[in-house]
Amino acid sequence: MSKKLIILGVIVIAVIVVIALIPKKEKAVETASTESVPQVEQQETVAPSTSDSVFSPDMEKSYAEGEKAAYLSGIHMKAGTADSCSSCHSSNIIDDSERDINAKCVECHQSLEEVAKLTEGEINPHSSHLGTMNCTTCHTGHTPSKAYCLNCHEFDMNISAGGNVENVWYEDLSQYDNATPTRVEKTDIVVVGTGATGFTAAITALNKGKKVIMLEKMPIVGGNSQLAAGGMNAAGTRFQKAKNIPDTPETMFNDTMKGGKNINNPELVKILANESSNSIEWLASIDAELGFIAMGGGATYPRFHGPTSGDFVGPFLSAKLRTKVAEDGADVRVNSKVVKLLTNEAGDVTGVLVKGKHSGIYQIDAKAVILASGGFGANNDLVASYRPDAKGVQTSNQPGTQGDGVVLGTAIGAATVDMKEIQLNPTMLVGSPVIVSEIVRGAGGIFVNREGKRFISELTTRDVTTAAIREQTGASCFIVFDDTVRNNVKQTGAFFQLGKVKQGKSLDELANALGIPADALNATVARFNTMVEKGKDEDFGRHNFAQKIEGPNFYAIEVKPAIHYCMGGLKIDEKARVINTEGKVIKGLYAGGEVTGGVHGANRLGGNSISETITFGRIAGAEAADLQ
């Protein structure tokens, strides 16, 4: 455990204890903490108490004394900052999104942003790429707390009233086949999942005047989209034209088909390519402009579109989409798992059965349901059933990516396509499940193995790159770059923050830090620079060089392949309608994003996923809203 992180852990615990002793303020502080989950009135199943006190004296005593007193509720009561359960709960009706409890947290301790100022350090537990989230995502009152970061990262991170919490993310949904709901709600459209596809579909439907309920089983919104590091592929955009990049939808179509080994559904690929520029403009219309252009693997021309700020595209888009969906009035519920699709005698989808964290099983009747729940990359058993060589391989996916959408769809007869096509991203940081985007290589970084040599073009397709890296000593390699790349690609800052970068003032120093031959590394970089001058990669055919690697400082990050994306999923048509095993449309059921198959074929090109989420999210939202 590093000295810095030990000190950070002590600071975090001290800060939490200190702010717990701060007297409650007269008024709640208005912050973005309550904006992450829009404030929408929601009925719950527990009836209010008819007595003057909602909570019994025995219940309150149980949290103030004994075993339960070790958790946050007990800590607050013993410190005198909470004199009863009603200090945190306005009633015994707890909504699944825990809005009431989190409002109380903010009232006493201020916003997440303010708390983050008190815990600044190498790793700040209150400031992350996940954006604003509920306090109860990490801090729980009546059970051991756990930092949500630790579901993916290997930080030495302490938390007040923490304990050994083992989360089980997979659940057999068939156990709910005969479940009885305790209440029934109605809406126009239900969106399952809160990634980019779900948010885009919801915004589109809301703009057509429909009422939308969004359901997210995790305690936070964002899905895998929030983790996207690279960019969004689009062809023929105004940003490309401003740089005289002669890209076209036809070229993007051809690149995508070639990258997918031509098993893609060409009609879906045409939509992806032809609508990509319109999707860029749609994003710009909601204040999410992607004006930065970069080169991606498998592309003929630079068509990665990202924020001009240099930020990761995923967190950037997620924040913009969350803001827009809140402004437009969607009812967004976290801790709310869809466990069953409801159908009528004709097989049409009529709604969903939901398992709320606090409210239990309830039913929502809807005119249409949109599945936007992502793939199954975090379900290693399911992945290995289709791709045995990936058994035990680490994933870059967020832990909730368990394949629920595919299970829900197939349970009512939906067809699947390309399920065995599962992509390993070649460049996940060793020691942290963060993807190093092609942008770093496109801007000038090169691959170097433990022998100090290049071994492949850095901008070939992901499947080819993955295979090549797995053949190297240690089944990993290094991306070597200099200050030019560090300054031009803002997202490299995250790798430094995570402590995953080796560096040197010379290539000799860098080689020593990496434990690789210095003479080989010097020779490799010298040859690469010579080929940059010639404008031709005579060794591996790289067609975009960016610039030489010249320092003054040199850096390297170790990367390895990881399960990253599922190209297969539910079968859809050009209107994002889900198709059943008989080739017919399942009326009332739409899908988009990684829960579907057919767009990417045998291999997805970097940048096409975000493009797919926005384009097919727009289509699904519009078609669902127009359903008669």
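Among the cysteines of the chain, those with no neighbouring cysteine Cβ under 4.7 Å are CYS85, CYS88, CYS108, CYS138, CYS149, CYS152, CYS477, CYS566. Per residue of the chain, the DSSP helices (runs of n ≥ 4 H) give a summed -39500 (n - 2.57) that works out to -9000 deg cm²/dmol at 222 nm. Restricting attention to the chain, close to 65% of DSSP beta bridges with both partner residues there are antiparallel.
Placing a pseudo-label 7 Å from each Cα along the Cα-to-Cβ vector at ASN151 and HIS543 gives an inter-label distance of 4.1 nm. Of the residues ASN449, LEU206, TYR565, the one whose Cα sits farthest toward the positive end of the charge dipole of the chain, with +1 on the Cβ of Lys and Arg and -1 on the Cβ of Asp and Glu, is ASN449. For LYS241, the aspartates and glutamates whose Cα falls under 20 Å of its own Cα, not counting residues fewer than eight places away in the same chain, are GLU250, ASP255, GLU275, GLU281, GLU289.
Note on LYS490: aspartates and glutamates with a C-alpha under 15 Å away, same-chain residues under 8 apart excluded, are ASP311, GLU438, ASP482.
Taking all protein chains together, GLU594, GLU275, GLU471, GLU550 sort by accessible area into GLU471, GLU550, GLU275, GLU594, largest first [probe 1.4 Å]. Taking every C-alpha pair closer than 8 Å and separated by at least 6 residues, the mean separation divided by the residue count of the chain gives a relative contact order of 18 percent. Figure note: HIS305, HIS153, HIS358 ranked by solvent-accessible area, largest first, 1.4 Å probe, ligands and nucleic acids not counted: HIS358, HIS153, HIS305. Expressed as a whole percent, the accessible surface of the chain that belongs to carbon and sulfur atoms is 50, based on a 1.4 Å probe.
No solvent, one uniform scatterer per C-alpha: report log10 I(q)/I(0) for the chain via the Debye equation at q = 0.06, 0.08 1/Å, two decimals. Those come out to -0.33, -0.59, one per q. Remark: for residue pairs LYS217/LYS355; LYS217/LYS571; LYS500/LYS560; LYS320/LYS357, the C-alpha separation exceeds 18 Å in LYS217/LYS571; LYS320/LYS357. Compared with the dominant Cα axis of the chain, that is its longest principal axis, helix 196-206 is turned about 60°. Hey, what angle do you get for helix 99-109 against the long axis of the chain, alpha-carbon based, 0 to 90 degrees rounded to 10? The answer is roughly 80 degrees. Considering only HIS358, LEU341, PRO315, the residue lying farthest towards the positive end of the dipole of the stretch 308-367 is HIS358, judged by Cα position with unit charges set on Cβ. Which of the lysines could a cross-linker span from LYS261 if the Cα-Cα distance has to be under 16 Å and same-chain partners fewer than 8 positions apart are dropped? Qualifying lysines at Cα under 16 Å: LYS270, LYS420. Local charge for ALA467 was computed over the other residues whose Cβ lies under 14 Å away, with Lys and Arg +1 and Asp and Glu -1, and equals +2.
Accessible surface computed residue by residue for the chain, with neighbouring protein chains in place and a 1.4 Å probe, gives 41 Å² per residue.
Compute log10 of I(q)/I(0) for the stretch 159-229 with the Debye formula, placing one identical point scatterer on every Cα and leaving out solvent, at q = 0.14, 0.25, 0.26 Å⁻¹, to two decimals. Here log10 of I(q) over I(0) equals -0.69, -1.15, -1.17.
The values are calculated or read from the model by the stated rules, or taken from the named source; none is laboratory data. Note that the coordinates shown come from a computational prediction; the quantities given were computed from them, not determined experimentally. All Cβ positions, glycine included, derive from the backbone under ideal geometry; neighbour counts span all protein chains shown. Remember, those area values only see protein heavy atoms, side chains included, never the ligands or the DNA or RNA. Shrake-Rupley method; radii C 1.70, N 1.55, O 1.52, S 1.80 Å.
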